Amino acid sequence: MPKVRIEAQKRRWESPMANSVTDVAVALRESMEHLGWEFARERGERLYSRFAVILPMAKVAYIFRFRVTDPLDDVRFDAWEFRLSHKGDVTFIAVDDYRYEDLDLVHQLLSEMVERLPRRPWDFPLGQRMEAGLALPEWSNARRMWQQMRFDVGEKTPKDWVPKGSLGERV
């Protein structure tokens, strides 16, 4: 009887982040370079709706996309930003097409990225929550999603936090 190879199910993980999209893109790129991973940068767009009074308005978000080819097999890391109100931007990150066996490597990259960000991605300051909307589910979803990725979300960003890499060099 011939052997049948069953393809492993590909997964998707997505979370809101407390950092700007440019900080996330820089931290992702620096983390991949630091770990010696082979990747290609791509661009993309994502449609979303923003409500003005009662009418939904179609908007397009620019996506910073990194496609990792080694050590992962064609896994995509996307970062984009939605403008939910006139001033309230919310950044998202997504990891697409990874397998369960890749979870340790994905966690390794995300851990390196978190160390390079100005604040922990689940630690939204009050000002940011007020600008975008206090009742948004994104604030609690971020904690839950980062916890699913095996991070200790009970930790707040320390007052003396200095990120690694070029984001730590800024004043």
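FYI, it's all coordinate maths here, none of it is from the lab. If you're wondering where the values come from, they're calculated on a predicted model, not measured in any experiment. All Cβ positions, even for glycine, are placed from backbone atoms using ideal geometry, and neighbour counts span all protein chains on display.
Between His34 and Lys87, with labels modelled 7 Å along Cα→Cβ, what's the label distance in nm to one decimal, could you check?
3.3 nm
Report the Cα centroid-to-centroid distance between region 89-111 and region 136-155 in angstrom, as an integer.
Centre-to-centre distance over Cα atoms comes out at 13 Å.
Stretch Ser140-Asp96 to full length: gain in nm at 0.36 nm per residue minus the Cα-Cα span?
Using 0.36 nm per residue and subtracting the Cα-Cα distance, I get 13.7 nm.
Per the Kirkwood treatment, what hydrodynamic radius in Å, one decimal, follows for the chain from the mean inverse distance over all distinct Cα pairs?
Value: 17.2 Å, from the Cα pair sum.
Before rounding to the nearest 500, sum -39500 (n - 2.57) across all DSSP H runs of length at least 4 in the chain and divide by the residue total; then give [θ] at 222 nm in deg cm²/dmol.
It lands at -9000 deg cm²/dmol.
Multiply the residue gap between Ala58 and Leu105 by 0.36 nm, knock off their C-alpha separation, and tell me the result in nm, one decimal place.
This chain segment gains 13.3 nm when fully extended.
State the percent of C-alpha pairs, over all pairs in region 77-147, separated by a distance greater than 20 angstrom.
So the portion of pairs separated by more than 20 Å is 35 percent.
Each residue of region 75-90 in turn: what ³J(HN,Hα) in whole Hz from Karplus with 6.51, -1.76, 1.60 and θ = phi - 60°, glycine and Pro shown as x?
Once rounded to whole Hz, the list reads 9, 10, 10, 10, 9, 8, 9, 9, 9, 8, 9, 4, 10, x, 9, 10.
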